[in-house]
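To keep things clear, I will list the structure first and then write my remarks on it.
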Number of protein chains: 2
Amino acid sequence: MAQKKFVLTESDIPEKWYNIVADMPNKPLPPLHPGTKEPIGPDMLAPLFPMELIKQEVTTDKWVDIPDEVREIYKIWRPTPLFRAYGLEKLLDTPAKIYYKYEGVSPAGSHKPNTAVPQAYYNKQAGVKRITTETGAGQWGSALSFACQLFGIECEVYMVRASYDGKPYRKLMMNTWGASVYPSPSNRTEAGKKILAGDPNSPGSLGIAISEAVELAFQDENTKYALGSVLNHVLMHQTVIGLEAIKQLEQAGDFPDIIVAPFGGGSNFAGITFPFLRYNLEEGKKIRCIAAEPASCPKLTRGVFRYDLGDTVGMTPLIPMYTLGHNFIPAPIHAGGLRYHGAGAIVSQLLKDSLIEAQALKQLECFDAGIKFARTEGIIPAPEATHAIATAIREAERAKEEGTAKTILFNLCGHGHFDMSAYEQYLSGKLVEHEVTQEEIMQSLAELDTPEIA
Amino acid sequence: MAQKKFVLTESDIPEKWYNIVADMPNKPLPPLHPGTKEPIGPDMLAPLFPMELIKQEVTTDKWVDIPDEVREIYKIWRPTPLFRAYGLEKLLDTPAKIYYKYEGVSPAGSHKPNTAVPQAYYNKQAGVKRITTETGAGQWGSALSFACQLFGIECEVYMVRASYDGKPYRKLMMNTWGASVYPSPSNRTEAGKKILAGDPNSPGSLGIAISEAVELAFQDENTKYALGSVLNHVLMHQTVIGLEAIKQLEQAGDFPDIIVAPFGGGSNFAGITFPFLRYNLEEGKKIRCIAAEPASCPKLTRGVFRYDLGDTVGMTPLIPMYTLGHNFIPAPIHAGGLRYHGAGAIVSQLLKDSLIEAQALKQLECFDAGIKFARTEGIIPAPEATHAIATAIREAERAKEEGTAKTILFNLCGHGHFDMSAYEQYLSGKLVEHEVTQEEIMQSLAELDTPEIA
């Protein structure tokens with residue numbers, strides 16, 4: 001039998017994270033203070049994050065040690081399996097070889113615990129008692145709840161009201177791990193109260209929820225804030241994915257021509273591609289790394305590269321990013337984890353320098369790919385993950401047209417157990433496509449008064 | 001770091017299933033025809049099952065080859081990991097060593113695909129076009145949908161109406177894998193129509209759903225029926241669990257004193273214990289194998305050993321079983337997979353011969369154990385699995401009282417991603433306990449007119 005699954009033992013869990021900043025020809029630009037527009041130093045982030053994470057945010061060291069305590073918890077689901085997608089290849093009748101790294105085996109069901117665990121760990125080391133965060137669809141909130149529970153830290157999650165009402169099971173998962181979950185906007189913060197005063201029935205947004213979580217961290221020295229994507233240290237924590245995949249593809253005697261990952265804020269994409277991009281940067285290899293973003297939130301393919309806020313209220317630093325504008329409200333696609341207006345600083349710089357690529361995909365193409373995958377490979381993918389599958393299928397079909405045996409690797413970042421109603425909509429023909437017009441994008445960008453980048 | 005996770009590679013997937021019948025001192029009694037009460041031969045099962053499965057049902061061969069095609073699909077999730085429960089041990093402050101085998105990594109989220117895949121395979125080999133089955137909570141129905149999809153067989157699932165309405169996501173999972181799912185009782189069968197005529201709002205039961213699925217298989221030669229537990233071949237397919245666990249405990253340099261598994265019809269329990277029971281039967285080892293059943297459906301601890309029907313309508317053979325009577329209606333506990341009135345013939349004989357043990361557990365104790373587990377080990381267990389966890393905790397606490405370093409192994413048969421509302425009820429204090437009185441059991445058993453066993 002041909003080998004389908006490539007497994008590693010727990011001694012293969014990486015001992016260091018890879019920091020791509022060390023190898024970037026152009027380093028990411030510094031974040032700016034939202035008021036003064038001046039570069040901000042590590043000390044200005046201290047109310048929000050423990051110093052070890054701030055150091056990781058700004059370090060240019062190429063490798064950063066993973067603490068033993070973190071590796072100990074990684075053992076619950078890491079190393080994750082790498083699979084050869086024989087079933088999908090057969091369906092597509094493609095000469096391409098398709099591999100996928102499966103991160104859905106984590107207790108929270110996605111790649112998010114890879115960074116939630118070290119973030120909780122460094123907070124615990126710093127004596128932090130409580131961590132606040134926001135969550136949209138709930139993957140990040142559940143990952144942080146899981147991590148905080150294991151370290152005995154209180155976790156307070158501000159969940160976008162629309163998701164809180166529409167995805168009760170994700171909320172219950174967080175409760176099961178002991179977290180408190182509040183619908184956002186809430187009456188627990190000034191930011192929330194202000195929004196509710198204007199609209200008592202506000203469905204909330206990720207931007208508002210971030211503002212609430214950040215506000216609480218600023219108020220209490222025993223409380224810090226945690227973010228699930230975008231920031232440099234978050235992306236670095238995810239590199240365990242790609243570092244393991246390198247070993248697994250070695251087992252398979254293979255090396256990728258193309259790597260694909262879904263794109264929200266960048267951590268999923270960074271996790272699988274950065275350790276491979278190193279071969280491009282160091283050895284001149286030509287692996288194509290493709291970020292798969294939703295066509296309804298196309299910051300990489302249709303946004304601009306400039307400074308922008310991470311939230312809507314303006315409590316976060318200004319970050320150099322590909323953005324649609326911090327007031328852009330993405331359509332309610334099912335891939336909630338990809339509904340963010342901007343991309344992290346590192347990924348944005350890499351795209352600016354043409355070191356990575358991006359493709360935008362519509363929802364129907366993605367769900368069609370998700371069903372094909374579930375019916376050939378067996379695993380039901382999260383809506384976010386279907387963006388990578390659809391892109392991999394595009395590339396496999398191109399390989400067929402060209403008659404080339406490309407090797408494609410993608411990140412199957414999570415399972416779809418909490419997204420079955422989205423599949424029902426697709427299967428019953430009720431799934432609607434969300435287009436975003438050039439006018440809408442121009443209007444959102446026109447409102448920006450943040451610094452441009454030369 | 002002490003090793004927590006014990007992994008195997010795909011070459012370690014067992015090549016043969018273990019058939020405990022070969023080693024039993026008293027063989028299970030034969031099934032009887034429901035009309036004539038005479039022992040039935042393989043040919044009488046032919047309308048329901050393909051001949052290869054019937055052969056497996058009656059074989060006394062000690063080892064049965066696993067086809068390559070089945071092992072190929074097993075690779076999607078097998079070998080499953082074995083973990084040492086350091087977190088739970090620490091919480092309990094016990095000298096016991098606790099291990100668990102985690103079957104929730106399968107695409108359907110439980111151990112059920114271990115038998116669904118070979119059943120679909122042998123049906124495919126026999127040219128069967130459609131398989132009918134019943135499902136309660138949905139684990140079995142989703143496992144069979146998954147397996148049928150991979151072999152290109154139509155799958156028709158009769159889902160107990162109460163579950164169909166109350167657990168829509170399990171139904172959608174089956175649809176995603178291409179299965180047709182009907183609420184039972186339905187208008188598609190005579191059995192269903194009869195029930196609906198008496199009660200148009202019938203919530204259904206597993207017994208009714210089995211009758212519907214069996215009726216359809218009897219009617220059409222291209223249609224067969226599949227069962228997810230109870231039968232000998234089903235139990236045998238599950239022995240891959242224990243066979244892998246033996247290798248993994250060898251890695252750990254350990255051997256179990258006690259093995260625990262949840263008990264519904266017996267396949268979960270058989271899967272992990274039978275390969276170890278072999279050491280008791282062959283070498284005189286004294287491993288305690290404990291079946292953990294719900295106190296509200298206590299066939300092993302409070303039922304009788306006699307012939308009984310597998311369904312309520314009387315279309316199945318009479319099986320020698322520990323039973324509460326085929327008209328016994330278990331209370332609506334959340335562990336839907338354990339709500340079955342009887343135990344399979346092999347397990348019943350083993351219990352009769354005192355070669356295994358049984359314990360009955362109440363729902364609150366189980367959910368309390370489930371929360372403890374989720375908060376120390378990270379994985380949210382299915383309600384069925386919490387029965388094994390609770391029993392393992394009982395034994396670990398006893399080990400502490402006795403000051404003995406027992407080694408306990410249990411089967412974590414599935415995750416609880418589709419059972420979050422049950423956790424909500426527990427966490428909000430709304431979970432009710434379901435008692436069954438001796439009078440209720442006596443009444444159900446008094447109705448039985450099936451043959452007794454001397």
With one decimal in nm and the nearest listed first, the spacings from A:Asn26 to its own position in the other copies, using label points 7 Å along Cα-to-Cβ, are 8.2
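Return one quarter of the surface area of the convex hull spanned by the alpha-carbon atoms of the range A:237-362, equal to its mean projected area, in nm².
On the way: hull surface 32.7 nm².
Averaged projected area of the range A:237-362's Cα convex hull equals 8.2 nm².
Taking every DSSP beta bridge with both residues inside the range A:79-174, roughly what % is antiparallel (nearest 5)? Provide the component values of the computation, followed by the final result.
On the way: 3 of 9 bridges.
Counting DSSP beta bridges with both partners in the range A:79-174, the antiparallel share is about 35 percent.
Divide, for the range A:113-227, the radius of gyration over alpha carbons by 2.2 N^0.38 Å, where N is the residue count. Can you show the working numbers first?
On the way: Rg = 13.2 Å, N = 115, 2.2 N^0.38 = 13.4 Å.
Output field value: 0.99.
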Assertion target for A:Asp419, B:Asp311, A:Asp257, ordered by fewest C-beta neighbours within 10 angstrom first, is A:Asp257, B:Asp311, A:Asp419
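Charges at C-beta only: +1 for Lys and Arg, -1 for Asp and Glu. How large is the resulting dipole of the range A:113-227 about its Cα centre, in Debye rounded to 20?
Charge dipole, the range A:113-227, about its Cα centre: 220 debye, nearest 20.
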Counted neighbours (other Cβ, 10 Å), sorted fewest up, put A:Thr80, B:Thr133 in the order A:Thr80, B:Thr133
The set of cysteines in chain B having no other cysteine's C-beta under 4.7 Å reads B:Cys289, B:Cys297, B:Cys366, B:Cys413
The distance between the Cα centres of the range B:413-441 and the range B:202-256, in whole Å, is 23
Beyond 19 Å, the calculated P(r) of the range A:97-171 holds a percent of Cα-Cα pairs equal to 38
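Give me the net charge of B:Ser205's neighbourhood, meaning all other residues with Cβ under 12 Å from the Cβ of B:Ser205; Lys, Arg count +1, Asp, Glu -1. Display every interim value, and only then the final one.
Working: positive: B:Arg161, B:Arg339; negative: B:Glu134, B:Asp199, B:Glu212, B:Asp311.
Residues close to B:Ser205 contribute a combined charge of -2.
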Note on the range A:113-227: contact order normalised by length, alpha-carbon pairs under 8 Å, 6 or more apart, percent, works out to 31
Taking the convex hull of the alpha-carbon atoms of the range A:379-454 and averaging its shadow over every direction gives an area in square nanometres of 9.5
Treating every alpha carbon of the range A:224-293 as one equal point scatterer without solvent, the Debye formula yields log10 I(q)/I(0) values at q = 0.26 Å⁻¹ of -1.20
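Using only the Cα atoms, what convex hull volume per residue in Å³ does the protein assembly as shown have?
Working: hull volume 146.0 nm³, N = 908.
Spelled out: Cα convex hull of the protein assembly as shown, divided by residues, is 161 Å³.
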Simple SL model, points at 7 angstrom along Cα→Cβ for B:Glu447 and A:Ala454; separation in nm is 8.7
Spelling it out for B:Lys16: with amide H atoms placed in the peptide plane at 1.01 Å from N, the residues 5 or more places away or on another chain with amide H under 5 Å from its amide H are B:Ile66
Karplus ³J(HN,Hα) for the range B:190-199 (6.51 cos²θ - 1.76 cosθ + 1.60, θ = phi - 60°; Hz, whole; x = Gly/Pro) runs 5, 4, x, 4, 4, 5, 5, 4, x, 8
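Mind checking the range B:336-431 for trypsin sites (Lys or Arg not before Pro) that DSSP puts in a loop (not H, G, I, E or B) and that have at most 13 other Cβ atoms within 10 Å? Don't skip to the end; give the middle numbers.
Details: sites: B:Arg339, B:Lys352, B:Lys362, B:Lys372, B:Arg375, B:Arg394, B:Arg398, B:Lys400, B:Lys406, B:Lys430; in loops: B:Arg339, B:Lys362, B:Lys406, B:Lys430.
Filter output for the range B:336-431: B:Lys430.
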Check: C-alpha center the range A:68-90 vs C-alpha center the range B:22-52, spacing in Å is 43
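Among the listed pairs A:Lys167/B:Lys167; B:Lys285/B:Lys406; A:Lys167/A:Lys194; A:Lys5/A:Lys406; A:Lys90/A:Lys400, which have their C-alpha atoms separated by more than 22 angstrom in this model?
Working: A:Lys167/B:Lys167 14 Å; B:Lys285/B:Lys406 15 Å; A:Lys167/A:Lys194 25 Å; A:Lys5/A:Lys406 19 Å; A:Lys90/A:Lys400 12 Å.
With Cα atoms farther than 22 Å apart: A:Lys167/A:Lys194.
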With the label set 7 Å along Cα→Cβ, B:Lys90 is separated from its counterparts in the other copies, in nm and shortest first, by 4.5
Among residues of chain B, the one whose beta-carbon sits nearest the axis that rotates B onto A, given with its distance in integer Å, is B:His417, 2
Between A:Lys62 and B:Val432, Cβ-based FRET efficiency (R0 56 Å, step 0.05) works out to 0.45
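Could you give the length gained by full extension between B:Lys247 and B:Glu282, i.e. 0.36 nm per residue of separation minus their alpha carbon distance, to one decimal place? Don't skip to the answer; put the middle values down first.
Details: separation 35, 0.36 × 35 = 12.60 nm, distance 1.81 nm.
That works out to 10.8 nm of additional length.
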Projected onto their principal axes, the Cα atoms of the range B:267-338 stretch, largest extent first, over whole-Å spans of 43, 28, 19
Counting only residues 5 or more apart in sequence or on a different chain, those whose built amide H sits under 5 Å from that of B:Thr135 are B:Tyr158, B:Met159, B:Val160
If each K or R counts +1 and each D or E counts -1, the residues other than B:Lys112 whose Cβ falls under 11 Å of its Cβ total -2
Under the Karplus relation with 6.51, -1.76 and 1.60 and θ = phi - 60°, whole-Hz ³J(HN,Hα) for the range B:170-185, x at Gly and Pro, equal 5, 4, 5, 4, 5, 4, 4, 8, x, 7, 8, 10, 10, x, 10, x
at A:Val304 the sorted inter-copy label distances (label 7 Å from Cα on Cβ side), in nanometres, are 8.4
For chain B, percent of DSSP beta bridges that are antiparallel (nearest 5) comes out at 40
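Over chain B, what relative contact order in percent results from Cα pairs under 8 Å that are six or more residues apart?
Working: 998 pairs, mean separation 87.0, N = 454.
Answer for chain B is 19 percent.
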Whole-Hz Karplus couplings 3J(HN,Hα) for the range B:376-387, θ = phi - 60° and coefficients 6.51, -1.76, 1.60, Gly and Pro as x, run 10, 9, x, 8, 7, x, 5, x, 4, 5, 5, 5
Between B:Ala358 and residues 5 or more places away or on another chain, the pairs with built amide H atoms under 5 Å apart involve B:Ala291
Answer in debye to the nearest 20: the dipole magnitude of the protein assembly as shown about its Cα centre, from +1 Lys/Arg and -1 Asp/Glu charges placed on Cβ, is 420
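Rounded to two decimals, what ratio of Rg to Rh does chain A give with C-alpha atoms and a Kirkwood Rh?
On the way: Rg = 20.4 Å, Rh = 21.8 Å.
Result for chain A is an Rg/Rh of 0.94.
Which order do A:Leu249, B:Leu281 fall in if you start with the one that has the fewest other Cβ atoms within 10 Å? Intermediate values should be presented prior to the final figure.
Details: A:Leu249 19, B:Leu281 16.
Starting with the residue having the fewest Cβ neighbours, the order is B:Leu281, A:Leu249.
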In whole angstrom, the spacing between the Cα centers of the range A:313-366 and the range B:122-167 equals 41
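Could you work out the relative contact order of the range A:275-423? I mean the mean sequence separation of Cα pairs under 8 Å and 6+ apart, divided by the number of residues, in percent.
Details: 226 pairs, mean separation 31.5, N = 149.
Relative contact order of the range A:275-423: 21 percent.
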For B:Lys124, the aspartates and glutamates lying under 16 Å Cα to Cα, once residues fewer than eight places off in the same chain are dropped, come out as B:Glu52, B:Asp68, B:Glu69, B:Glu72, B:Glu154, B:Glu156, B:Asp220, B:Glu221
B:Ile241 neighbourhood, Cβ < 12 Å, K/R = +1, D/E = -1, net charge +2
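Laboratory data are not the source of any read-out in this text; all were calculated from the coordinates shown. Here the structure is a predicted model, which means the values were calculated and not measured. Positions of Cβ are backbone-derived with ideal geometry, glycine not excepted, and every protein chain shown enters the neighbour counts.
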